[in-house]
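This report concerns only the one structure given below.
The values are calculated or read from the model by the stated rules, or taken from the named source; none is laboratory data. In this text the structure is predicted, and so the values were computed from the model without any measurement. Every residue, glycine as well, gets a Cβ built from its backbone with ideal geometry; the counts of neighbours run over all protein chains shown.
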Amino acid sequence: MNTDTFVLVEVNNVWKLYGKFVANENISMNIEEGEIVALLGPNGAGKTTLVKQLYGELNPNKGEIRVLGSKPTDRGIKKHMGVVPQECEPYGDLTVWDNIYYMARIKGVDKERAKERTKELLEQLELSDKGKTLGRDLSGGLKRRLLISMALVNDPKLIILDEPTTGLDPQARREVWDILLKLKKEGKSILLTTHYLEEAERLANRIYFIYRKIIVEGTPNEVKDKFANWYEVIDYSTGNVYRVKGEDEVKRIIQQLNGKFEVRAPSLEDVYLEVIKSVQGVH
Ligand SMILES: Nc1ncnc2c1ncn2[C@@H]1O[C@H](COP(=O)(O)OP(=O)(O)O)[C@@H](O)[C@H]1O
Ligand SMILES: [Mg+2]
């Protein structure tokens, strides 16, 4: 990563408790300008709890969060952030156009600019032919697109999306991915939470695997290397599977096999399973 990158979000040793229950334990992470960062973890891992603190809806019990140098609860910082919370819905009784327009007005955009911005966003997110459709009549995928456009009304530097594709069909999921990659190309910084490995691998420059605390972090490849530094040699003649460390060991085993075999490198899914196994019993 080049040295003049700018750190947009800094999380230092954050703890969040609900009563005595520790939801986030000593979390440190950062988001640099222009990157997509994925908070990856299973249900209940503490992803929503953490992102709510990033957009100022919850306060840490301990530790510190800085967004563009300010506290997330500082009003001034909100105009640089666009948020799509988990389980958020557009207004069902408003049209797609009005949902975007009124969100812009709420965020303090003046009337003329709000109209322009609504038109721009409808085009950008390919919703122009849905302008008059009511929020409640949209498919799940279109609702998500509308919510993303509503998060963009103030042209934020940082976009936070809590499980942006959960519940979407594969086609709609890919459409959301394309939108996020396009936004990244435009220079936006994005934090998303997901429990889909494929999503983190496709989109993210860096992954933080969270399970109450950060278990492992790095690029998708680094995460794989750190948590699954093994190969599987599958001997098709006997059906035996050997899990071995290091390429030399792989070669040694292969030399002993005759007939058909396959060498399989770990997928991110294997990493996921290994991580879950390693932290079971944590709660
Ligand atoms: N308001 C709350 N009060 C008590 N416990 C909560 C509250 N919100 C979340 N939790 C618990 O904290 C843990 C983390 O939840 P959450 O941050 O929503 O995880 P995720 O988004 O990764 O699914 C879960 O065990 C959840 O039940
Ligand atoms: Mg959640």
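Okay, residues lined up against (1) over 33 Å from the mean Cα position of the chain (by Cα); (2) buried (at least 18 other Cβ atoms within 10 Å of the Cβ); (3) more than 30 Å from Asn26 (Cα to Cα); (4) in contact (Cβ under 8 Å) with a residue 24 or more places away in the chain:
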| residue | (1), (2), (3), (4) |
| --- | --- |
| Ile210 | no, yes, no, yes |
| Val216 | no, yes, no, yes |
| Asp225 | no, no, no, no |
| Val241 | yes, no, yes, no |
| Asp248 | yes, no, yes, no |
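Selection over segment 34-54 of residues that are near ligand 1 (Cβ under 6 Å from one of its atoms) and at pLDDT below 95 gives a count of 4.
On the stretch given as segment 93-123, residues that are in contact (Cβ under 8 Å) with a residue 40 or more places away in the chain and within 26 Å of the chain's Cα centre (by Cα) total 6.
Going by what's in this entry, would Thr193 be described as closer than 27 Å to Arg144 by Cβ, out of contact with any Cys (no Cβ under 9 Å at 6 or more places or on another chain) and assigned to a loop (DSSP other than H, G, I, E, B)? So Thr193 does not fit the description; no. Tyr91 satisfies every condition listed in (1) over 22 Å from Arg174 (Cβ atoms); (2) within 16 Å of ligand 2 (Cβ to nearest atom) except (2). Considering segment 250-283, the residues that are among the polar types (S, T, N, Q) and in a helix (DSSP H, G or I) include one that is nearest to the chain's Cα centre (by Cα), namely Ser278. Set side by side, the residues Leu168, Leu158, Leu192, Leu125 differ, and just one is crowded, with 19+ Cβ neighbours inside 10 Å, more than 12 Å from Asn99 (Cα to Cα) and within 16 Å of ligand 2 (Cβ to nearest atom), which is Leu192. I'd like to check which strands (runs of 3 or more DSSP E) are fully inside segment 1-82 and have at least 3 residues that are of a type in the set (A, V, I, L, M) and under 14 Å from the mean Cα position of the chain (by Cα). Once the strands (runs of 3 or more DSSP E) in segment 1-82 are filtered for at least 3 residues that are of a type in the set (A, V, I, L, M) and under 14 Å from the mean Cα position of the chain (by Cα), what remains is 36-40. When you look at Lys79, is it closer than 18 Å to Leu17 by Cβ and either at pLDDT below 95 or within 16 Å of ligand 2 (Cβ to nearest atom) (or both), yes or no? Spelling it out, it is not the case that Lys79 is closer than 18 Å to Leu17 by Cβ and either at pLDDT below 95 or within 16 Å of ligand 2 (Cβ to nearest atom) (or both). I'd like the full set of residues that are touching a residue at least 40 places away in the same chain (Cβ under 8 Å) and within 16 Å of ligand 1 (Cβ to nearest atom), limited to segment 148-165. Scanning segment 148-165 gives Ile160, Leu161, Asp162, Glu163, Pro164. No other residue among Gly140, Gly69, Gly76, Gly92 is at positive phi and either surrounded by fewer than 15 Cβ atoms within 10 Å (Cβ to Cβ) or not assigned by TED's automatic domain parsing to the domain that holds Glu32 (or both) apart from Gly69.
Scanning segment 9-31 for residues that are in contact (Cβ under 8 Å) with a residue 24 or more places away in the chain, charged (D, E, K, R) and within 13 Å of ligand 1 (Cβ to nearest atom) yields Lys16, Glu25. Hey, does segment 174-182 have a residue that's within 16 Å of ligand 1 (Cβ to nearest atom) and either closer than 26 Å to Asn43 by Cβ or not polar (S, T, N, Q) (or both)? Within segment 174-182, not a single residue is within 16 Å of ligand 1 (Cβ to nearest atom) and either closer than 26 Å to Asn43 by Cβ or not polar (S, T, N, Q) (or both). Considering Ala204, Ala200, the condition of being within 16 Å of ligand 2 (Cβ to nearest atom) and touching a helix residue (DSSP H, G or I) at 6+ places or on another chain (Cβ under 9 Å) is satisfied by Ala200 alone. Report yes if some residue within segment 12-24 is of a type in the set (Lys, Arg) and exposed (fewer than 15 other Cβ atoms within 10 Å of the Cβ); otherwise report no. Checking segment 12-24: at least one residue is of a type in the set (Lys, Arg) and exposed (fewer than 15 other Cβ atoms within 10 Å of the Cβ). Within segment 32-45, being touching a residue at least 24 places away in the same chain (Cβ under 8 Å), surrounded by fewer than 22 Cβ atoms within 10 Å (Cβ to Cβ) and within 9 Å of ligand 2 (Cβ to nearest atom) holds for one residue alone: Asn43.
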